[in-house]
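Take a look at the structure below.
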Amino acid sequence: MSARPVPRTKFLVIKTPASTIYETKFGGDFHMFTISMFVQRMIGKNIIISAAMDCTSIDINTFSNHSQQPQQYYFHNVQEWDDFDIQYVSLVEDGMKDASGPSSSPVPTERTVQKFIELCQQQWRDRPNTHICVFDCFGGLGAAGDLVTCYMGEQ
């Protein structure tokens, strides 16, 4: 979970949150966190989040795992963001979200980068004093970090 925004931005780059189902089904551990946990922590730091940008290339609604990493499951229900008035946006392109796993390239396409930039600009136009959290599940490949960097380069 991100403890503070990326320097000189209003982005929070986080790991993929788990649902409370994770604790029930697998016992949970200190590495997992829920949306509620994350949002409560940010509220405590006076950080208001307006959007959650999902860069994962797994279909988290069907609990599929990606094939390039050790088996991991994220029982993350995207509707949990609604409980905190946070807009959930999936940046996964249609071709990346199938049973065979992620696309062959971890680098976001130009179309995805443009979509991300436009969504961020719209969020901050509508809610200027808020933050946007961005997450992926690849741990080393970093689509979330790539997109934040692209946004910073455009500004």
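See the values below:
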{"quantity": "Selection status of residue 100, at pLDDT below 75 and either more than 21 Å from residue 127 (Cβ to Cβ) or surrounded by 19 or more Cβ atoms within 10 Å (Cβ to Cβ) (or both)", "calculated": "yes"}
{"quantity": "Candidates 47, 58, filtered to the one that is at pLDDT below 50, in a loop (DSSP other than H, G, I, E, B) and among the hydrophobic types (A, V, I, L, M, F, W, C)", "calculated": "58"}
{"quantity": "Residue in the range 84-96 that is within 16 Å of the chain's Cα centre (by Cα), modelled with pLDDT of 90 or more and farther than 25 Å from residue 150 by Cβ present", "calculated": "yes"}
{"quantity": "The listed residue being of a type in the set (A, V, I, L, M, F, W, C), modelled with pLDDT under 85, open to solvent by 40 Å² or more (accessible area, probe 1.4 Å) and out of contact with any Cys (no Cβ under 6 Å at 6 or more places or on another chain), out of 26, 33", "calculated": "26"}
{"quantity": "For residue 130: the one exception among (1) loosely packed, with under 15 Cβ neighbours inside 10 Å; (2) modelled with pLDDT of 85 or more", "calculated": "(1)"}
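The values are calculated or read from the model by the stated rules, or taken from the named source; none is laboratory data. None of the values given here were measured: they were computed from a predicted structure. A quick note on method: Cβ atoms are made from the backbone with ideal geometry, for glycine too, and the neighbour counts reach across all protein chains shown. Areas reflect the complete protein model, heavy atoms only, side chains present, ligands, DNA and RNA absent. Shrake-Rupley method; radii C 1.70, N 1.55, O 1.52, S 1.80 Å.
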